[in-house]
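Just below is one structure, and these are the notes that go with it.
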Amino acid sequence: MEVRGASALVTGAGRGIGREVALSLAREGAAVTIVARTRSDLDALAAEIARAGGRAHVFAGDLRERPTCDAAVADAVRAHGGLRILVNNAGVGGFSPLADTSDEEWDRIIGLNLTAAFRVTRAALPHLKRDGGHVFMVSSLAGQNPIANMAAYCASKAALDHLAACLMLEVRQAGVKVTTIAPGSVDTGFAGMPRAGDTSWMLRGDDVARTVVELLRMRDDAHLSRVEMRPARPKPRA
């Protein structure tokens, strides 16, 4: 795909991986719509993109609310005349034993990590099919590797993996690519908590962002449907 001039929508763009993806796409010349709940984070990112000569459109809203998903896609299409790249990155973590997980906590995690990705993608598909698009699902190695006290998060990412795999089979004949990116430990805040101690061994958000760009550069007849990313060295022992 020719990234320059393409319209892209990145969810969860205010911080972390999503912010780095939006920056990287803008540097490559994409017109980016950035979506997150916190308007101030998005405004700061849009200003940074503009200073570098890029184009960014801000849409602030909570993707756990059904109308927001449709509205974000419609706004991106209006702002940039279409949509060819969708990065479903918005997500949230949580730590609690299953027995202590409330309905509200379950709904919070599943609602953003899975249901929002489903709704945004559903709204985007007619536009992606028009010119041949690419959907990225930012998942996690936790989708394939159970972790104690993280049942809701692991379940949401496992379901996202299968959602992406099913979608890939449904839309490949329409010229739409679907890629799951499943990173391991990334040096970003998780579940609202900053990382502590030495984080130099971890992946960084820009590692994921560069992967998105490289996948977009692949020739149209080549499709990498899943990428697993791990730190090159294990976590140091305490």
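The values are calculated or read from the model by the stated rules, or taken from the named source; none is laboratory data. What you see is a predicted model; the values in this text were computed from it and never measured. Cβ sites come from the backbone with ideal geometry, for glycine too, and all protein chains shown count toward neighbours. Accessible surface areas use protein heavy atoms only, side chains included; no ligands, DNA or RNA. Shrake-Rupley method; radii C 1.70, N 1.55, O 1.52, S 1.80 Å.
The table that follows gives values for the structure above.
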{"read-out": "From the C-alpha gyration tensor of the range 129-238, square roots of 5λ in Å", "value": "29, 17, 11"}
{"read-out": "Amide H contacts under 5 Å for residue 228, placed H, 5+ residues apart", "value": "182"}
{"read-out": "Point-charge dipole on Cβ atoms (K/R +1, D/E -1) for the chain, about Cα centre, debye to 20", "value": "500"}
{"read-out": "Bins of 5 Å, starting at 0 and running to the largest distance - Cα pair percent for the chain", "value": "1, 7, 15, 19, 21, 17, 11, 6, 2, 1, 0"}
{"read-out": "Å² per residue, accessible surface of the chain at 1.4 Å", "value": "48"}
{"read-out": "Cα-based Rg / Dmax (Å) for the range 51-118", "value": "15.4, 50"}
{"read-out": "Furthest towards positive pole of dipole, 146, 73, 179, structure part the chain, Cβ charges", "value": "179"}
{"read-out": "DSSP-defined antiparallel bridges as percent of all bridges, the chain, nearest 5", "value": "5"}
{"read-out": "Integer Hz, Karplus 6.51/-1.76/1.60 couplings in order for the range 8-20, x for Gly and Pro", "value": "10, 10, 10, 8, x, 8, x, 8, x, 4, x, 4, 5"}
{"read-out": "Helical mean residue ellipticity (222 nm; -39500 (n - 2.57) per DSSP H run of 4+; nearest 500) of the chain", "value": "-13500 deg cm²/dmol"}
{"read-out": "Alpha-carbon Debye profile of the range 7-87, log10 I(q)/I(0) at 0.12 Å⁻¹", "value": "-0.26"}
{"read-out": "Helix 39-51 axis, angle to the chain major axis (alpha carbon atoms, nearest 10°)", "value": "50"}
{"read-out": "Rg in Å to one decimal, and Dmax rounded to a whole Å, for the range 64-171 via C-alpha atoms", "value": "15.0, 48"}
{"read-out": "Sequence-distant residues sharing a close amide H with residue 177 (under 5 Å, placed H)", "value": "133, 134, 135"}
{"read-out": "Sequence-distant residues sharing a close amide H with residue 31 (under 5 Å, placed H)", "value": "5, 6, 7, 8"}
{"read-out": "Most to least packed among 173-181, 5-13, 144-152 [average Cβ atoms within 10 Å]", "value": "5-13, 173-181, 144-152"}
{"read-out": "Inter-part distance where the range 105-158 and the range 200-238 are each reduced to a Cα centre, Å", "value": "17"}
{"read-out": "Nearest 10 degrees, 0 to 90: helix 205-217 Cα axis against the chain principal axis", "value": "40"}
